[in-house]
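Worksheet for the structure shown next.
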Amino acid sequence: MTVGRYAPSPTGGMHLGNARTALLAWLHSRALGGRHILRFEDLDVGRVRGWAYDATRRDLEWLGLDWDEEYLQSERLELYADAVARLKTYPCTCTRREIEAAIQDSAGAPHGPEAVYPGTCRAGQPDPSRPAALRWKVPDQTVCAADFLTRQTLCQQLSTEVGDIVLRRNDGVFAYHLAVVVDDAAMGVTDVLRGVDLWTATPRQIALQQALGYPQPRYLHVPLMTDYAGERLAKRGGAPSVMALRERGEDAAQVRSVLAQSLGNGFWPVPLPPEVALDDLLLLWRHKLDRLLL
Ligand code: GLU
Ligand code: ZN
C-alpha cells in the first residue's frame, strides 16, 4: 500500500506555496488509495511557533485535505538517538567561520554549489572546551537519486560533493536529514512527494537509508511556487497566507483551483477546467502517474 506524507515545519503559518505542495502530496497518497501522514518537523525548537501546529491543521482541513496519522518529531528523539548510535560519527567543534577559512585555505577552493566540510575533526582534534556537533563519516562512494515525476537522476560523490554532514548539532538538535530518513522508514513511507528544493539533498538521504539498512522510498519532487520576479515564496517574504484567505472568507474550492492552475497546463495531462473539484484532480493525478508508468 502507498504511504505518503506532508511534513511541514511549524515555524509559521502555511503560505500558498506550502499549500500547493500539501495538496499534491495529498492527491498522490489518495489517488493511489494510500495512507496519508501529517508530520510536524519541529526539532528546531528555537524556530517553532506554538500556534503554527493548529493553524496548519485548520488550513489543511479548510483545503479539504485529511490525514490518517499525525506525528511530531519533537516526541521521537529516542529514535533519532538510536539511529545516530548506529552510524560512524565523530565530534566536531568547528565554528562556521573556521570551516569557511579551512575551505578557503584548501587548494580546491569552493567548487560545488555547497560548502563541503573539509573533515577537520575527522582525525580527532575537537576542542574539548566547546560543545560538539556529531558528524557522520560519509562513505567514500557515489550515490544516485532518481525522481519518478521529473525523470531526472542526480549522482553525488559523498566525500567531495557532500562531505561529513552534521547529524546532531552542537545544541543537541538532531539534523533534518537524519530525522526525515528515520521517520520515513519508521512510518513505512513508500512515496516522498516534496518541493524540488530538497532534490539535491536526496542522494545524502539515500546514503543514510543505505547505512541504516532502510528501504528506499520513491521520490517525486514538485516545483516551488514563485512570485512575479521568479523568487520562491517564503514565509518571511509576505507570501499570501492560507490563514488570511480562510479568515477573509475566500472559497476553498477556488483557492484549490488556483493552486492547481498555478502549476501550468503542461503539468497536467489535460488542460484544467476553470473550477476544478478535488475528485477531478484525483483523476488527473492518477492519469499523470499512469502515463509515467508507461
Ligand atoms: N520539513 C521540510 C520542509 O518543510 C520538508 C521535508 C521533506 O518533505 O522531506 O521543507
Ligand atoms: Zn570540526
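Just to verify a number: FRET efficiency for residue 247 and residue 123, C-beta to C-beta distance, R0 = 51 Å, to 0.05?
Numbers: r = 56 Å, r/R0 = 1.10.
Approximately 0.35, to the nearest 0.05.
Hey, what's the chain come to in accessible area per residue, 1.4 Å probe, Å²?
49 Å²
Tell me, how many Å apart are the Cα centres for region 242-294 and for region 54-93?
That distance is 27 Å.
Relative to the longest principal Cα axis of the chain, at what angle does helix 252-261 sit, 0 to 90 degrees, rounded to 10?
In the chain, helix 252-261 runs at an angle near 60 degrees to the longest axis.
So, with +1 on the Cβ of K and R and -1 on the Cβ of D and E, and no other charges, what is the size of the charge dipole of region 166-294 about its Cα centre, to the nearest 20 debye?
Using only the charged Cβ atoms, the result is roughly 400 debye.
Which value, in debye to the nearest 20, describes the size of the charge dipole of the chain about its Cα centre when Lys and Arg Cβ atoms bear +1, Asp and Glu Cβ atoms bear -1, and nothing else is charged? If you can, show how the numbers build up before the last one.
Working: 33 positive and 36 negative charges, 76 e Å.
Computed charge dipole of the chain: roughly 360 debye.
Report the Rg/Rh value for region 243-294, based on alpha-carbon coordinates and the Kirkwood definition of Rh.
Answer for region 243-294: 1.07.
Roughly how big is region 244-294's charge dipole about its Cα centre, with Cβ charges of +1 (Lys, Arg) and -1 (Asp, Glu), in debye to the nearest 20?
For this selection, approximately 220 debye.
Between 164, 197, 183, which gets the highest mean-square fluctuation from a Gaussian network model of the chain, Cα cutoff 10 Å?
In the Gaussian network model the winner is 197.
Divide by every residue of the chain the summed helix terms, -39500 (n - 2.57) for each DSSP H run of at least 4, and state the resulting mean residue ellipticity at 222 nm, rounded to the nearest 500 deg cm²/dmol.
-10500 deg cm²/dmol
For a quick check, take a GNM of the chain with Cα springs below 10 Å and name the residue from 247, 161, 275 with the largest mean-square fluctuation.
The residue with the greatest mean-square fluctuation here is 247.
Sort 9-17, 215-223, 45-53 by the packing proxy (mean of other Cβ within 10 Å over each peptide's residues), most packed first. Let's see the in-between values first.
Numbers: 9-17: 20.4, 215-223: 18.7, 45-53: 13.7.
My ranking of the peptides, most packed first, is 9-17, 215-223, 45-53.
Below 8 Å between Cα atoms, with a sequence gap of 6+, how large is the relative contact order for the chain in percent? Working shown, then result.
On the way: 459 pairs, mean separation 66.3, N = 294.
Contact order relative to length: 23 percent.
Counting only protein heavy atoms and using a 1.4 Å probe, what share of the accessible area of region 141-294 belongs to carbon plus sulfur, as a whole percent?
Working: 3990 of 7480 Å².
Carbon and sulfur atoms account for 53 percent of the accessible area of region 141-294.
Any idea what % of Cα-Cα pairs in region 14-172 are farther than 24 Å?
Tail of the P(r) past 24 Å holds 55 percent of the pairs.
Over all pairs of distinct alpha carbons, what does the Kirkwood formula give as the hydrodynamic radius of the chain, in Å?
20.6 Å
The values are calculated or read from the model by the stated rules, or taken from the named source; none is laboratory data. Just so it is clear, the model here is predicted, and its values are computed rather than measured. Because the Cβ atoms are built from the backbone with ideal geometry, glycine has one as well, and the counts that use them run over all protein chains shown. For accessibility, only protein heavy atoms count, side chains too; no ligands or nucleic acids. Shrake-Rupley method; radii C 1.70, N 1.55, O 1.52, S 1.80 Å.
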